[in-house]
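Here's the structure, in structure tokens; my notes come after.
The values are calculated or read from the model by the stated rules, or taken from the named source; none is laboratory data. Treat the numbers as computed from the prediction; the structure is a model and nothing was measured. A quick note on method: Cβ atoms are made from the backbone with ideal geometry, for glycine too, and the neighbour counts reach across all protein chains shown.
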Amino acid sequence: MSGDAGPEEVLDGLSRHARKLVAELAGPVRRVRLRSGETVLEVEWHGPARPAPRAEVDPVPGPRVEAAAPVTDRPAVRAPVVGTFYRSPEPGAAPFVAVGDVVRPGQVVGIVEAMKLMNEVTAGQAGRVVEVLVEDGKPVEYDQPLIALEPLTGRDG
């Protein structure tokens, strides 16, 4: 990074490097620390919170209850970090994916914002989107299922 860059530009560059690094790592990431000169970017993720007691009402209303198979029986794209889930790249834009879309491994399907760092959520396998499990702008936990997939068969594109 250039020595002429201001602190904001350096921080933006470090943020881009952190996103790329986290996306390239195979396992879950707990802490990232990057430095450029005097500017340091450090992000630490904590494990998921304990599950809520069963007596509480499900915060996500709607057709999710009527799904054909429980989420655990289907492949799902999961949250890479704790944060806020966004279905589109910016407010007012079309969502990355919708029910019925076919996704490929590595395809961006959403964003999780954590500490003002935008983390791309990518599909780990090919499949057809059968359900979006989290509403746009809602908080998510690490490894929480976000999008349910149906594996592709030979007849699928």
query = Scanning for something closer than 30 Å to residue 10 by Cβ and modelled with pLDDT under 95, does the range 53-69 turn up at least one residue?
reply = no
message = Of all residues being over 20 Å from residue 149 (Cα atoms) and over 10 Å from the mean Cα position of the chain (by Cα) in the range 115-137, which is surrounded by the fewest Cβ atoms within 10 Å (Cβ to Cβ)? Just the residue, please.
response = 116
Residue in the range 87-96 that is closer than 27 Å to residue 43 by Cα, modelled with pLDDT under 95 and in contact with a helix residue (DSSP H, G or I) (Cβ under 9 Å, 6 or more places away or on another chain) present = no
message = I'd like to check something: does the range 104-114 contain any residue that is touching a residue at least 40 places away in the same chain (Cβ under 8 Å) and touching a helix residue (DSSP H, G or I) at 6+ places or on another chain (Cβ under 7 Å)?
response = no
